[in-house]
Amino acid sequence: MVCGGTTYRTRDLAVAVGLEPHVPPGAELSERVGHNGQLLPGVEKLLAEGEPVRRAVVLGAGQSAAESVDCLYRSFPEAEVCAVFSKYGYTPADDSPFANRIFDPEAVDVYFGSPSEVKQSLFDYHRSTNYSVVDMELIESLYATAYREKVTGRERLRFLNVSRIREVGQRADNALDITVEYLPTGVERTMVADLLVHATGYRPRDFTTLLGEAAKVCLRDDGDAIRVTRDHRVETAPDVTAGIYLQGGTEHTHGLTSTLLSTTAIRAGEIHRSLLARQAARSG
């Protein structure tokens, strides 16, 4: 392993690359177009510089999208805030006790040992615990705000549902031309906005880009996904004795827990026990 010009020799390697912001294909980021991961410092900068925000658009329907809408609405009291998403409305997060058992270590054992079609069905059934969902309290708060504005006749908070952004253009005054398509009819409309926030989630980083030549010894399944054992160790070529462990990035093999910070300690403990067992086997 080479780090800053120094070579280290190791029997085992743990890789924890985390997640990276995901934006729609073709999206070009700029000072006025960004991912919600940088929303708070961006808002602070605009407020400090006194930049006017007349309209802000948020793309996405998950928790971070709803929080971004709420943040912009409160930060710019004169601005119109538009939420654009392909759903009809926000979906409540399923945090019920039975559903949350999908994150138990025992559930990981069940998921890991299941056929691929069962893995997919479990993921689909319980994705509402973690993906594209919003806390009910926030949903109700946003709805109450929109309803109150409709009654009073001044609507700053708008929801463009069953819609998608088709095009984003830059104007001479640094504002944006955002074209939104209403999916049921295909009708498009273009509106001028000062901000566009992509609240479109995160994706696991490709850890193989860090491994260099070592990536070639990592085995893949028929779907070209990395093969991983239950103890989070990457399956490698037969002549490789070193262990490569993944802390995260194993959703395809270990299920929904893979991206959760709350289960990091459990994964670390499982990796630790595997390392000790392999060390003992070497000594023996």
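Would you confirm whether any residue within the stretch 20-28 is touching a Lys or Arg at 6+ places or on another chain (Cβ under 6 Å), acidic (Asp, Glu), more than 17 Å from ILE165 (Cα to Cα) and open to solvent by 50 Å² or more (accessible area, probe 1.4 Å)? Yes; the residues of the stretch 20-28 include at least one that is touching a Lys or Arg at 6+ places or on another chain (Cβ under 6 Å), acidic (Asp, Glu), more than 17 Å from ILE165 (Cα to Cα) and open to solvent by 50 Å² or more (accessible area, probe 1.4 Å). The listed residues are ALA193, ALA172, and the only one of them that is within 28 Å of GLN38 (Cβ to Cβ), of a type in the set (A, V, I, L, M) and either loosely packed, with under 13 Cβ neighbours inside 10 Å or without any contact (Cβ under 8 Å) to a residue 60 or more places away in the chain (or both) turns out to be ALA172. Among the residues in the stretch 79-90, are any open to solvent by 50 Å² or more (accessible area, probe 1.4 Å), of a type in the set (A, V, I, L, M) and within 22 Å of the chain's Cα centre (by Cα)? No. Evaluate the following for GLU188: is it assigned to a strand (DSSP E or B), surrounded by 16 or more Cβ atoms within 10 Å (Cβ to Cβ), without any contact (Cβ under 8 Å) to a residue 40 or more places away in the chain and of a type outside the set (Gly, Ala, Ser)? It is false that GLU188 is assigned to a strand (DSSP E or B), surrounded by 16 or more Cβ atoms within 10 Å (Cβ to Cβ), without any contact (Cβ under 8 Å) to a residue 40 or more places away in the chain and of a type outside the set (Gly, Ala, Ser). Among the candidates LEU46, LEU13, LEU39, the residue that is modelled with pLDDT under 95, farther than 30 Å from ARG230 by Cα and open to solvent by less than 80 Å² (accessible area, probe 1.4 Å) is uniquely LEU46. Listed by first and then second residue, the pairs with beta-carbon distance under 6 Å, at least 6 apart or on different chains, first residue in the stretch 23-45 and farther than 15 Å from ASN174 by Cα, second hydroxyl-bearing (Ser, Thr, Tyr) and not in a helix (DSSP H, G or I), are VAL23/THR200. Number of residues in the stretch 228-247 that are in contact with a strand residue (DSSP E or B) (Cβ under 7 Å, 6 or more places away or on another chain) and touching a residue at least 24 places away in the same chain (Cβ under 8 Å) equals 9.
The values are calculated or read from the model by the stated rules, or taken from the named source; none is laboratory data. The structure presented is a predicted model; accordingly, all values stated were derived computationally and were not measured. Note that each Cβ is placed from the backbone with ideal geometry, even for glycine, and that neighbours are counted across all protein chains shown. Note: accessible area is taken over every heavy atom of the protein model, side chains too, but ligands, DNA and RNA are not part of it. Shrake-Rupley method; radii C 1.70, N 1.55, O 1.52, S 1.80 Å.
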